[in-house]
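A short reminder: the numbers here are calculations on the coordinates, not readings from a lab. Just so you know, these numbers come straight off a predicted model, no measurement behind them. Note that each Cβ is placed from the backbone with ideal geometry, even for glycine, and that neighbours are counted across all protein chains shown.
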Number of protein chains: 2
Amino acid sequence: MSKITNYSLINMLMGASTKQGNDIAIKSRKIVKALIKDKTQHLTPEERSIVERIVHSTADPEYADLTKISGEFVKKSLESLKNGKDILTDINMVKAGINSYNGNVKCYINHEKTLKLTKKNNITRAAAAMQVAAVEEFDGIVVIGNSPTALLEVLNLYKNNKIKIQSVIGVPVGFVGAEESKEALHKTEIPHLITQGPKGGTPVAVAAINSLINLI
Amino acid sequence: MSKITNYSLINMLMGASTKQGNDIAIKSRKIVKALIKDKTQHLTPEERSIVERIVHSTADPEYADLTKISGEFVKKSLESLKNGKDILTDINMVKAGINSYNGNVKCYINHEKTLKLTKKNNITRAAAAMQVAAVEEFDGIVVIGNSPTALLEVLNLYKNNKIKIQSVIGVPVGFVGAEESKEALHKTEIPHLITQGPKGGTPVAVAAINSLINLI
């Protein structure tokens, strides 16, 4: 990009209205589409739009390779959202990114019961928050953007018929445990979206769920 | 990693207490240190700890190459935090990730005045939120994790002596405008941290500011 183009872009951005903000987003999505076109040809249009939004949000085309979506994921997730079922997040940062859903977005990480269960059961707060969700009769889409222990706890609760789950966005991040927790989800029959390897995190989780919300 | 190690790790994580959670974090930091050792040798210990936390939070070692920290950044930022000055974020997702600061963390993106200024001045909401911060006599560290227009507006306000800034964490993400806005910050004398290129985002911003908060 030439210096002149840079300055033009800065001038354009400096005066960017919300409409122009939308134009920038559209331009960005076009760039993303071109960048990952070859890697997303096997996907359905809905799956492709989810992967494009993840790459748009992270500016990291590698997510087109890393993102794996199970066959029933889009269908079950859209049903859940259309029926107004809840969304459960592991941390408040993920919750803060979900702005346009008419139903409830729940996060129990700072809940009184969570702090008690953390001590009582000698588990992490994020895992305890999943147990609290089960007790509170959660039913809907689980969105894990950070914690491998929360994801493993969800799988454990599901195996023991203690939680109702329509689908799981499982994209915890990190070099210890994240990859293994996502592999464990990938082996289940639960409709899911994961990112293979250590990478993932809040923006990936938020992009995936917001993309689904936009599709309803 | 062998399958046996995988299962051991899952068992370990499944029973992970908060103490074990901390052990996992320590193990992860050791992996990160080893991964980016060669790339961080030129940094001060404080700068190195910030870069390590960014890589830890994103599981993406490329951030060791992309993160650029200006000479006065750590000193000015720590002074600002020690003096209890405010932190300003562009979006609520970034604010939601800053949990352990005793001072104020402000975000005006949904503020009434912001919505008015957006229409009146024909600018983006994120840019208008920076104008509101200036009117509200903000003084402290600005943390931009998402919006190039917010970052450019901060630079504009600063140039016109309309806002007091101790330092800027400028890591907006995206293929349109993010890179240019960060380059513009990098050319100023404002103490700053940026990530070169399109990559950046909420976890990078949160890792950088939380790392500084831990250093005070």
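The table that follows gives values for the structure above.
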item: Rg/Rg_ref, region A:61-215, where Rg_ref = 2.2 N^0.38 Å and atoms are Cα; result: 0.94
item: Alpha-carbon centroids, region A:78-153 and region B:28-53: separation in whole Å; result: 32 Å
item: Mean separation of Cα contacts under 8 Å (6+ apart) over length of region A:133-213, as relative contact order %; result: 33 percent
item: Amide proton proximity set for A:Tyr101, modelled H, under 5 Å, gap of 5+; result: none
item: Cross-link pairs A:Lys68/A:Lys95; A:Lys95/B:Lys37; A:Lys120/A:Lys162 - those with Cα-Cα distance over 25 Å; result: A:Lys95/B:Lys37
item: Nonlocal amide H pairs with B:Lys106, under 5 Å, H built at 1.01 Å; result: B:Ile87, B:Leu88, B:Thr89
item: Relative contact order for region A:61-215, counting Cα pairs under 8 Å that sit 6 or more residues apart, in percent; result: 27 percent
item: Rg/Rh ratio calculated on Cα atoms of the protein assembly as shown (Kirkwood radius); result: 0.96
item: In order through region A:92-107: 3J(HN,Hα) via Karplus (6.51 cos²θ - 1.76 cosθ + 1.60), integer Hz, x for Gly, Pro; result: 5, 4, 5, 4, 4, x, 9, 9, 10, 9, 6, x, 8, 10, 10, 9
item: Spatially proximal aspartates and glutamates relative to B:Lys106 (Cα-Cα < 20 Å; intrachain offsets below 8 disregarded); result: B:Glu79, B:Asp86, B:Asp90, B:Glu136, B:Glu137, B:Asp139, B:Glu153
item: Two-site FRET efficiency, A:Lys159 against B:Glu72, from Cβ-Cβ distance with R₀ of 60 Å, rounded to 0.05; result: 0.65
item: Under the Karplus curve 6.51 cos²θ - 1.76 cosθ + 1.60, θ = phi - 60°, whole-Hz ³J(HN,Hα) for region A:139-144, x wherever Gly or Pro sits; result: 8, x, 9, 9, 10, 10
item: Structure-based [θ]222 nm, chain B - -39500 (n - 2.57) summed over DSSP H runs of at least 4, per residue, nearest 500; result: -17000 deg cm²/dmol
item: Kyte-Doolittle mean at least -0.5 and Cα axial length at least 24 Å: DSSP H helices in chain A; result: A:18-36
